[in-house]
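Following: one structure in structure tokens, then a few remarks.
Throughout, read-outs are computed from the coordinates displayed, never taken from laboratory work. From a predicted model like this one, the values you see are computed outputs, not experimental measurements. FYI the Cβ positions are ideal-geometry reconstructions off the backbone, even for glycines, and counts take in every protein chain you see.
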Amino acid sequence: MMLFSSFKVFKCSHLIRKTMKIVFIQPSTHRERINTIDLSSIAFPPLTFPTLAAHTPPDHSVTMIDERIEKIDFSVPCDLVGITAITCEAPRAYEIADEFRRRGITVVLGGPHVSVLPNEAKTHADSVVIGEAEESWPRLLRDLEKGELQPFYQQTHPTDIRMLPSPDMSLLSFHTLFGGVQSSRGCPNGCKFCSIGNSKDGRVFRKRPIEHVVQEIRQSRKRIIMFYDASMTIDVEHTKALFRALRGLRKRFLCLGNIDILGQDDELLRLSKEAGVIQWSIGFESVSQESLSEVWKKTNTVHNYSKAIEKIHAAKMMVRGFFVFGFDHDTNDIFDKTVEFVQTSHLDAANFGMLTPFPGLPLFKDLEKQHRILTTDWDKYGFHQPVVFHPKKLTETELLNGYKKAYRKYYSWNAVAKRFHYLVRSHLTFTSLVMFIAENIFIRAYSMHHIGRR
């Protein structure tokens, strides 16, 4: 446990409280491009640290450094550094933590990766927060004030989000293109490759009071707001009530949802359009039903995909699809089949990814038992990275090249122009057209930068 010479001490209601300078740090996703701006980070605001800032006693000062857009000043005056990390960010997070600790600063690590490998993280930190932190964080600060910092903190139950304060967005030192809000948390589905439904807290679905969500949206200065919910179709009746309450706010929304439910519930589509939803992002994952069954994706039915997309388009909303390559049933024709589907179904945008077995997930454990994990270099467990496991019916080279081919084919200028022409004929709103152009150009530029044009 470390001492802090810069603490200011004062008395309040017979308590000795120490004022701390706290710095939250979001590490760069790519260690090889530290100190270069990652444009993807300025699209949507991060909510983790603004949420923790709202749970920090006002006696303490809180600032945030986002290494994806700004350089870390390791000499910044502070008493406590908090760092979050997903798996591909963990090596850089550990480097940052080690440097601050070398300078005598107490470091706390948290986030999805740290939560599944807390002992690994503890070698780089004074304390590790496991899982959700809305209750753990204030307790950690109280312990630190008393000189009794514990090595690990973990809530005994998932956060009750019904009483959450709004995130303190004043923490951000930069402006994002869109706003962000969360109306629910968690997902009970537990797909084999997903970190949300396979975590202790994440598998418990919870909802915020609708009036709290509406008030937060009213206060946002952003016209377009992204719902950070794992899915807006888990509790459909709650979502419908929320959409009814959002009518007339003159905001536009981006939502995630399940394709089968969206295709079956006409009232949900109507209410979402009336509320201002301009795009549904959907985890199709695969055009192979066998692959979906393999990874416990029970909520998707492939033969319903096209009809459901037609219904969403008929309701004048866009569809962005997410697809994964590398399942055990995938063969070399999966890439062309997927691109053909997204083109013939007129998806407005698509993201492709290679299956990544993140540590702690059932997928990782299965592949590890089968001796198919190629590396535990966490740097490689990110977007556009090398293959980190042995595919079953593909070689690593075939998977990587097929993934790149899908991006190049779908985001060729000719393909983008055809999608835009279809969108114009569909008579979507001006906001949707602007969103389409920005989204397609950005994804094209971002993907080509990472995978190359050839």
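Odds and ends about this structure:
- Each peptide among 254-265, 84-95 gets the average number of other Cβ atoms lying within 10 Å of its residues, and from highest to lowest they stand as 84-95, 254-265.
- Kirkwood estimate for the stretch 280-432, i.e. one over the average of 1/r between Cα atoms, Å: 16.6
- Counted residue by residue at 0.36 nm each, then reduced by the alpha carbon distance between them, the extension gain from L374 to T176 reaches 67.6 nm.
- Dipole magnitude (debye, nearest 20) for the stretch 8-154, charges at Cβ of Lys, Arg, Asp, Glu: 480
- If R0 equals 25 Å, the separation of the Cβ atoms of T331 and D266 corresponds to a calculated FRET efficiency of about 0.10.
- Long-range tail of P(r) for the stretch 56-180 (Cα pairs > 20 Å, %): 47
- Reciprocal mean inverse distance between Cα atoms of the chain - Kirkwood radius, Å: 23.4
- Projected label distance in nm at D366 and N304, using a 7 Å step from Cα toward the beta-carbon: 2.2
- Applied to the stretch 89-95, the Karplus parametrisation 6.51 cos²θ - 1.76 cosθ + 1.60 on θ = phi - 60° returns per-residue 3J(HN,Hα) values of 8, 4, x, 5, 4, 5, 4 Hz, with x for Gly and Pro.
- Links that overshoot a 18 Å alpha carbon limit, given the list K122/K200; K337/K409; K369/K392; K192/K392: K122/K200
- Its Cα centre serving as origin, the chain has a Cβ charge dipole (Lys and Arg +1, Asp and Glu -1) of approximately 1120 debye.
- Charge dipole magnitude, Cβ of K and R +1, D and E -1 - the stretch 278-437, Cα centre, debye nearest 20: 540
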